[in-house]
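Here the structure is laid out as structure tokens; the discussion comes afterwards.
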Amino acid sequence: MTGRKVVSLFTSIILAGSIAVPSSAIAAPASYNPNPTVLDIGPKLRSETVEQIKAENRLDLSGAEAIGSSAEAGSTATVTPDDVGNKVVRWVTHDDYTGRYLLTSFTLRAVGKYGEVWVANNLNYPSGDPRNSLTAITDAQVQYLMSEFDTKIYEKEVSFFAPPAERKGEHGVLPDYMDESGRVVILIDNIKDQSYYNPDYPSYIAGYFSPTISELSDRNVMTVDNFDWLNRTGPTAPRPFLYEGVFAHEFQHLLHSDTDSGEENFINEGLSDFAQYLVGYGHSQGHVDFFMNHLRNSLTLWGDQTDLQILADYGNAYLFQLYLYDRFGEAFIRDEFHDQLHGISSINDLLGKVNIKDNRNDDDDEGDDEGDDDGDGRLTFNEVYADFMTSIMLDTQKTGGSYKFDSIDLAPNVDGSVLPDIVSPAWGTDFKVIVPDKKIDHLYFKGLDFLRTNWTSATDPVKGEVLWGNTGDLADNFLIKELNLTGQTAPILSFDTSYNIEEQWDFGVVQVSTDNGKTWTSLSNANTRSDVVDLGYPKVKENLPGFTGSSNGWKTETFDLTAYAGQKVLLGFRYLTDWGFTESGWYLSNLKLNDATIDPMTTTSGFMSLEQATGQYVNYQVQFIGYKKSKGNDNVKVIRFRNLLNMSEDKLIDLGKMLRGSEYERIVMMTTYAAPEGTNASVSYEYEVVMKNKDREDRQNEKENYKRSHP
């Protein structure tokens, strides 16, 4: 196993024995940001394992006994209220600045029915930090938190979702963790993040749940920050219920980790924000408001608009859960929590089980089965997502129709979400505003037929123009070419390659398909490898052998294709990466068959993507919302095209009337890339509002006038 693996999700690069942290000798800051936004690191922490952090030398248990020895220690004591203020334990914590897990001393401050509160012995920032006056946690605050957890958070969430797994510390890294009660451990700490060292940093970690910490402790553990509790707890604070909401949010993650640890982020995070609402701490208004101002955000792809807009991901995910709750009820949300399928598949599974029909009395009078997966009017994720986005747009209209939220009032900033480029992310929506005009002839819309390959041309100092497999986390980048091996008896494939691929984690594989890209077989030669690390990404493991590590410059690789002689096959070059950190990647040049060049590999023009090879068309869902000048219950009209390959004539006529209708004030066009599950791409499209040709219109008017004057 290589020591090079460092997941790019972490805020700092960690090298064993060399951890860089800001020096305490730096001059003390004179000011601080009093209102940093809350940063959630849950998706990152849920992707980590004990084995992984050990392999990356990020586990520091200095002074701890070996894992498993606590069971032999024979300590089965249960903490009691008598231990409050007296018992000190070194609990495992996460340092987000360095990426390390380490032991931190805490003192027991409260014991409740379902939880116990431990406060770090050192809650201060570095010396001279002006925030050190805001770090103290009083006994009254501790008792308040304990009461909120015991009487609201625990009982309501366990009743609605599920109880946590029983963990009593028998297999923890320290014997002090053993406790027959199995209560939830609540740690209050000054979490080490960017904000800890930089008082003006715009965000901070208010709390987290780490499955790794729970495993190391063999206890159910949650951590919350200590910054400015006076202004962030209780109903009358300037930031009401902030920390209580963080606890409700993180506790759902803890419960979900035990029930279905592999759930996708957009469902897991959405349910955690929903848990805050369920418990009684209101909506995650900061998340909602940010999404309302950044509407072009993928629901299913976490972080698609970069970390700067991550709050929109949370707002989008939460509102989707709230919409499901308002429309389908509590039972649907409970079943979603327990469903063992993930993401879109989970939603479709639940919709199929309850057999919900798309028989609403819509504003758009859409009663046909256009675009339904099964053609029988049953709801699928595709329809529910479109309804969800339409409901966001029309919630303020209060038309009395079915497009609405019952539990929240929304005010989407459409104008602020209209961006200059014309791109739609997978299961995100791009917005454009059209002003109706009687002179409009038609609307031109053109989308991609297929996703293009992610491979691209690059300039190499040795070879000149070559092909490069690109980069990115969780990449699955295909470069496909059809090979005609009919008439061949012992075909030999060769190509020049140079690669620097994260060793044993990422791979470049050469594959052949005999069924038009449905299945693929990986080829091997003397230089391909299968020694992926045990913790490697499953898709990588499933497609070995391949190239990994460094080729140390350009070399020629050959593969024997005798097994495919006499056939027409697809040849695939496939660059596969895991969840984080990539090297410079994979480069190709000079593709040959039996020493005859079949492609110089300087451009991708002679190659296909997987979607092109399999005929998987890009599906655009396009909706038009016409806002009428008149007010009242009939002040909007919705026209939805679920599939641009199958558009009804009636809707095209209705759209023409809307575009030219004098009764409409404006039209919002909403374009969604209805992507296959697992697709993480964005797609472009073209559109143009085409006006009537004036000369043609004048001639037509002359013709009409002539007819009237010459009956």
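Rule-based calculations on the coordinates, nothing more; no lab input. These numbers come from a predicted model, not from an experiment. As a convention, Cβ positions derive from the backbone with ideal geometry for all residues, glycine included, and neighbour counts pool all protein chains shown.
Cut-off under 17 Å on the C-alpha distance; same-chain residues fewer than 8 positions from K463 excluded. Which lysines are left, in chain and number order?
K555, K592
Would you work out the relative contact order for region 456-614, in percent, from Cα pairs under 8 angstrom that are 6 or more residues apart?
Numbers: 393 pairs, mean separation 66.5, N = 159.
Reported as a whole number, the value is 42 percent.
Kirkwood Rh over alpha-carbon pairs of region 550-626, then Stokes-Einstein at 37 °C and 0.692 mPa s: what D in µm² s⁻¹, rounded to an integer?
Values: Rh = 16.6 Å.
The Stokes-Einstein estimate is 197 µm²/s.
Can you list residues whose amide H is under 5 Å from D599's amide H, if they're 5+ apart or on another chain and H is modeled 1.01 Å from N?
Result for D599 returns L591.
P(r) tail for region 456-614, what percent of Cα pairs lie past 26 Å?
Numbers: 2589 of 12561 pairs.
When every Cα pair of region 456-614 is considered, 21 percent fall beyond 26 Å.
Applying a 10 Å radius around every beta-carbon, put 285-294, 32-41 in order of their mean neighbour count, most first. Provide the component values of the computation, followed by the final result.
Numbers: 285-294: 19.3, 32-41: 17.6.
In descending order of packing, they fall as 285-294, 32-41.
May I ask you to order 331-338, 487-494 by the average number of other C-beta atoms within 10 Å around their residues, highest value first?
In descending order of packing, they fall as 331-338, 487-494.
Be a star and scan region 465-480 for residues whose amide nitrogen sits under 17 Å from the point 7 Å along the Cα-to-Cβ vector of T306.
472-473
For L645, L311, what ranking results if the residue with the fewest other Cβ atoms within 10 Å of its Cβ goes first?
Values: L645 9, L311 24.
Sorted ascending by nearby Cβ count, the order is L645, L311.
Taking every DSSP beta bridge with both residues inside the chain, roughly what % is antiparallel (nearest 5)?
On the way: 94 of 109 bridges.
Taking every DSSP beta bridge within the chain, about 85 percent pair in antiparallel fashion.
Of (1) 1.21; (2) 1.10; (3) 1.34, which is the value of Cα Rg over 2.2 N^0.38 Å derived from the coordinates here?
(2)
What's the FRET efficiency of T489 with E649 using the Cβ-Cβ distance as r and R₀ = 51 Å, to the nearest 0.05? All intermediate terms of the calculation are to be shown ahead of the outcome.
Working: r = 55 Å, r/R0 = 1.09.
Efficiency for this residue pair is about 0.40.
Okay, helix-only estimate at 222 nm for the chain: each DSSP H run of n ≥ 4 adds -39500 (n - 2.57), divide by all residues, round to 500 deg cm²/dmol; what do you get? Show your work: numbers first, answer last.
Details: 19 runs with 180 residues, N = 711.
Helix-only estimate at 222 nm: -7500 deg cm²/dmol.
Along the charge dipole of the chain, pointing to its positive end and built from +1/-1 on Cβ of Lys, Arg, Asp and Glu, which listed residue (H294, P34, F445) has its Cα farthest out?
F445
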